[in-house]
1. Considering the stretch 82-138 alone, what residues qualify as being in contact (Cβ under 8 Å) with a residue 60 or more places away in the chain, assigned to a strand (DSSP E or B) and either among the acidic types (Asp, Glu) or over 24 Å from Pro392 (Cα atoms) (or both)?
2. Would it be correct to say that Val623 is closer than 24 Å to Cys402 by Cα and touching a residue at least 60 places away in the same chain (Cβ under 8 Å)?
3. So the check is Cβ under 6 Å with 6+ separation or different chains; which pairs have a first residue in the stretch 174-199 that's within 25 Å of Ser138 (Cα to Cα) and a second one that's open to solvent by 60 Å² or more (accessible area, probe 1.4 Å) and modelled with pLDDT of 90 or more?
4. For the stretch 366-382, name all the residues that are of a type in the set (Val, Ile, Thr) and open to solvent by less than 10 Å² (accessible area, probe 1.4 Å).
5. For the structure I just gave you, tell me whether Phe274 is under 30 Å from Lys186 (Cβ atoms), among the hydrophobic types (A, V, I, L, M, F, W, C) and open to solvent by 50 Å² or more (accessible area, probe 1.4 Å).
6. Being assigned to a loop (DSSP other than H, G, I, E, B) and among the aliphatic types (A, V, I, L, M) is the filter; apply it to the stretch 619-669 and report the residue that is farthest from His525 (Cα to Cα).
7. Please state which one of Lys131, Lys193 is surrounded by fewer than 16 Cβ atoms within 10 Å (Cβ to Cβ) and within 30 Å of Tyr93 (Cβ to Cβ).
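The values are calculated or read from the model by the stated rules, or taken from the named source; none is laboratory data. Not measured: the values here are computed from a predicted model. Note that each Cβ is placed from the backbone with ideal geometry, even for glycine, and that neighbours are counted across all protein chains shown. Ligands, DNA and RNA are stripped out before the accessible areas are found, and what is left, the full protein with its side chains, is counted by its heavy atoms. Shrake-Rupley method; radii C 1.70, N 1.55, O 1.52, S 1.80 Å.
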Amino acid sequence: MRKFNIRKVLDGLTAVSSAASASSTAQQQQAGNRETEIQETLQSEHFQLCKTVRHGFPYQPSALAFDPVQKILAIGTQTGALRLFGRPGVECYCQHDSGAAVIQLQFLINEGALVSALADDTLHLWNLRQKRPAILHSLKFNRERITFCHLPFQSKWLYVGTERGNIHIVNVESFTLSGYVIMWNKAIELSSKSHPGPIVHISDNPMDEGKLLIGFESGTVVLWDLKSKKADYRYTHDEAIHSVAWHHEGKQFICSHSDGTLTIWNVKSPTKPFQTITPHGKQLKDGKKPEPCKPILKVEYKTTRAGEPFIILSGGLSYDTVGRRPCLTVMHGKSTAVLEMDYSIVDFLTLCETPYPNDFQEPYAVVVLLEKDLVLIDLAQNGYPIFENPYPLTIHESPVTCCEYFADCPVDLIPALYSVGARQKRQGYSKKEWPISGGNWGLITQSYPEIIITGHADGSIKFWDASAITLQVLYKLKTAKVFEKSRNKDDRPNTDIVDEDPYAIQIISWCPESRMLCIAGVSAHVIIYRFSKQEVTTEVIPMLEVRLLYEINDVESPDGEQVPPLPTPGTGSNPQSIVPQSHPSTSSSSSDGLRDNVPCLKVKNSPLKQSPGYQIELVIQLVWVSGEPPQQITSLAVNSAYGLVVFGNCNGIAMVDYLQKTVLLNLGTIELYGSNDPYRREPRSPRKTRQPSG
């Protein structure tokens, strides 16, 4: 057997390594000389940011339309945007190039097309049958301003009313003017000595599409015969008209007026209304007219086979209801239901079982487009409950204050969040399925789970599944429930660093693998959450109070004395010296009368029931120090492998072991930077009058 000399092997390795190091040094020098010669092939112009998906409620909505056959809803906005909604998960966004406000939308029912009328007096025909909707035809009105459009069911003629009171007829197939014009003076003839005002309504008689009902703003209504080109009847009223609606039999129609009244007219009795109703007017004695109310902006008249018709209207409240929220009124038989809304009503539509206007309508729901929300009301159930909205329109239910995006999450994470989110109680909603059910889902190209987390001004946190084209809310967490709520202004929390929204979320740090969640709030508080599928009741909420203050030694007080520096926990002291507290310190002021050791929010000292999902592990609060409020937290990170959370602000940084409920490190900025402090703070005394923080 051949002997092996290990010493020679080591000598050989040493020689090889020294030679390799020498050659690498020479190569580095040579590369340094060539560094200026290397040209980077990727330039900034090779990269571009582009929008892929748009989430949330349409900004400044202005128009609404619904296809009752294909079950598709369209919303237009004041910025020229067009949003299409179908079944949950089916959405589409389009934009008019001009950016002009959309004043009206009309579906070509069951034809996959839509007509939009814009504030710049243009009409556009959209083709919805292709993957991305596009404009097929456009028509510009140069001499007159468009005020109202009407497209009868299964008709190729679009009626366009103008500000001058004229009506033009457009052929939808060629999208050109037909040449047939109904002039305002021919329509009213001698019924009025003055101009009747703009066109506010056009509709055809449900039983005879050759008869056109024209509503002028001044209060005049004309029934026009398209074949004979003359008016059959003229109906005049003292009050301005806002909207008109037909009874399905074509023998009656109803008008809404600016004084809060509704007038029902028989077609063949133009001299006076058949009935006048003031839905919200106080009935006075001695047969006097009710007091005038606010204008009824829109009315719809829908019939049923089995019972009384529905009269649905917006507006019309009494003038003495100051401060009352906007309302939708549903009148059915002898009952009148007033449904309050959170925001102003932009428009509403009644969803009916049939698209045919000459049949019993059988209304089953009302779509209400609000300024910042979309509400669907179930007309078939007692109390008119609303449908639970499946669209991700509630992102800004409370203003978003921070947002985080996580890609390639563990595959079991979304099902886990969905399972605990599904248990959250949702009471008071209709039991029926969402009625807007048109469209088909496209193929999902994303192969990895994506999650978006939003923090809100009210302290809530929402987890969204962003794996598909549309967002789906998975789970909602309310962080404010750990704190005591103030019942009156005198008992408000010590949130001197923020005037409103003391629970607003500023920063979110989340570990998808361990599911540990950490948030920082605007009131200088940090909350650590642990995910659990079991319900627990926490008797005492674990809490830490941390003094985090930027310090400069030998600061002079106003009377010229030297102020000793405050002790800094965690530097040269035992980390265990800070004891977790179950409630804020009761010492609200120091010996000289300044507020000291007091957090901005008060943690509940009663047992807290925590549902499955995210449950509180620890609450950390920065406290007042010598009359100075804590500064807002600007940075936050969590490390679940070591059970650590670290946070900092302009004054310093602190590290906490959330397993042991202990502060491990607490450093002021001057200890971190020394003389190289980049912020260049001026020396100040903690006894000076506190200046408002930024």
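1. Glu91, Leu108
2. yes
3. Between residues of the stretch 174-199 that are within 25 Å of Ser138 (Cα to Cα) and residues that are open to solvent by 60 Å² or more (accessible area, probe 1.4 Å) and modelled with pLDDT of 90 or more, the close pairs are Phe175/His137; Pro198/Glu163; Pro198/Glu217.
4. Answer for the stretch 366-382, where residues must be of a type in the set (Val, Ile, Thr) and open to solvent by less than 10 Å² (accessible area, probe 1.4 Å): Val366, Val367, Val368, Ile377.
5. Spelling it out, Phe274 is indeed under 30 Å from Lys186 (Cβ atoms), among the hydrophobic types (A, V, I, L, M, F, W, C) and open to solvent by 50 Å² or more (accessible area, probe 1.4 Å).
6. So the residue we want is Ala641.
7. Lys131
A quick yes/no check of all residues on (1) in contact with a strand residue (DSSP E or B) (Cβ under 8 Å, 6 or more places away or on another chain); (2) open to solvent by less than 30 Å² (accessible area, probe 1.4 Å); (3) assigned by the TED database to the domain that holds Arg530:
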residue	(1), (2), (3)
Ile633	yes, yes, yes
Ala641	no, no, yes
Cys650	no, no, yes
Tyr658	yes, yes, yes
Leu664	yes, no, yes
